[in-house]
Amino acid sequence: MEQPRPIAVVTGGASGIGAATVATLARNGFRIACLDRDGMAAERVARSAGAEHMAITVDVADEAAMIAAFQTVMAKLGRVDALATCAGILDTTPFMDVTVASFRRIHDVNVIGTFLAIREAARHMTPGGRICTVASVAGLRGGGLAGTAAYAASKGAVLALTRNAARALVEKGIAVNTVAPGPVLTPMLEEPFRDTVRRERVEGMVPLGRSGAPQEIAESIAWLLSPGASYVNGATLAVDGGLTMH
């Protein structure tokens, strides 16, 4: 009997790393639920990957909406085998200019949104389920590239949350890992990289001498969600061109 195709949920799937992850997982045989606040863009990404994929409009920081979104995935696709938490927002505000309101918004999306996705996916996963979160080298380094205080702190929280989830969910047979990208040419970096001096400084810190492409991060996420990573749990994979060697 032919095995059913595995089901993956990708948050932030409408653009950047998320969209590349949707396309990569689809090529690898997954059926995808593409979740994003931009429902029209999520629908375009899902349809471009194939008619069997679906999109759900949702704010990842909205608890009730996330619960409902995963219930919709279960109703339409039947199960959840893999999760990639690609939803996130960048903040480049200088330290002394960061407001509490903006700090909270960054954490709502990057930390609360990641937590809700993990929790709701884990509710529906069976043993063998795999989760990959998306942190950042900003969480490892404390910023210093484009993202500043609120962003770096939020991505540091994602790193700790991932390790805690790996410990907590191992009893359910679910593995949880994270990727920590360096600078990646996504819509999130368009504005800060308009400053060519900043871009040259950031890329000059990368031993490979360039920013990454969304597809390069997506390939790492896809590996962590694959059977090939069956003995990897609670790990942080830096996908940064060697940046964190400094």
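Just so it is clear, none of the values below were taken in a lab; they were calculated from the coordinates. Remember, predicted model here, so these are calculated numbers, not experimental data. A quick note on method: Cβ atoms are made from the backbone with ideal geometry, for glycine too, and the neighbour counts reach across all protein chains shown.
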| Going by alpha carbons, how many degrees (0 to 90, nearest 10) lie between the helix axis of 113-124 and the longest principal axis of the chain? | 20
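How big is the dipole moment of the chain about its Cα centre under a simple scheme where the beta carbon of each Lys and Arg is +1, that of each Asp and Glu is -1, and everything else is neutral? Debye, nearest 20, please.
Numbers: 23 positive and 22 negative charges, 85 e Å.
Taking the Cα centre of the chain as origin, the dipole is about 400 debye.
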| note | Length gained if ASP195 through ARG167 is fully extended, taking 0.36 nm per residue and subtracting the Cα-Cα distance, is 6.0 nm
| task | Quick one: angle between helix 149-169 and the longest Cα principal axis of the chain, in degrees between 0 and 90, rounded to 10, please. | result | 30
| task | Convert each backbone phi in the stretch 38-51 into a coupling constant with the Karplus relation 6.51 cos²θ - 1.76 cosθ + 1.60 (shift: θ = phi - 60°), then list the ³J(HN,Hα) values in order as whole Hz, x for Gly and Pro. | result | 8, x, 5, 5, 4, 5, 4, 5, 4, 5, 5, 7, x, 5
| Amide hydrogen neighbours beyond the local backbone of LEU237, cut-off 5 Å, H modeled | THR178, VAL179, ALA180
| Hull surface divided by four, with the convex hull built on the Cα atoms of the stretch 105-173: how many nm²? | 4.4
| message | Could you check the spin-label model distance between MET245 and LYS76? Points 7 Å from the Cα along Cα→Cβ, value in nm. | response | 4.4
| message | Can you list residues from other chains, or at least 5 along the same chain, whose modelled amide H is less than 5 Å from the amide H of ALA87? | response | THR11, GLY12
| task | Could you list which residues have their amide H under 5 Å from that of GLY212, counting only those 5 or more apart in sequence or on another chain, with H placed in the peptide plane? | result | VAL184, LEU185
| message | Tell me the label only: which of (1) 0.93; (2) 0.96; (3) 0.99 is Rg/Rh (Cα atoms, Kirkwood Rh) as calculated from this structure? | response | (2)
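Do me a favour and compute the ellipsoid semi-axes for the stretch 109-246 from its Cα gyration tensor, root of five times each eigenvalue, largest one first, whole Å.
Numbers: eigenvalues 162, 47, 29 Å².
Semi-axes, largest first: 28, 15, 12 Å.
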| query | Could you state the number of Å between the C-alpha centres of the stretch 91-150 and the stretch 185-246? | reply | 16
| remark: Once Lys and Arg are counted +1 and Asp and Glu -1 for all other residues with Cβ under 12 Å from that of ALA26, the total becomes +3
| task | Please turn the phi angles of the stretch 172-184 into ³J(HN,Hα) values with the Karplus equation 6.51 cos²θ - 1.76 cosθ + 1.60 (θ = phi - 60°), one per residue in order, whole Hz, x for glycine and proline. | result | 8, x, 10, 9, 10, 9, 9, 10, 10, x, x, x, 10
| query | With +1 on each Lys and Arg Cβ and -1 on each Asp and Glu Cβ, how big is the dipole of the stretch 123-246 about its Cα centre, in debye rounded to the nearest 20? | reply | 360
| Mean Cα-pair separation over length for the chain, i.e. relative contact order, pairs under 8 Å, 6 or more apart, % | 19
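Just to verify a number: FRET efficiency for ASN28 and ASP97, C-beta to C-beta distance, R0 = 51 Å, to 0.05? List each step's numbers first, then the result.
Numbers: r = 43 Å, r/R0 = 0.84.
My answer for the efficiency is 0.75.
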| query | Where the eigenvalues come from the Cα gyration tensor of the stretch 182-227, what are the semi-axes √(5λ) of the equivalent ellipsoid, largest first, in whole Å? | reply | 25, 12, 6
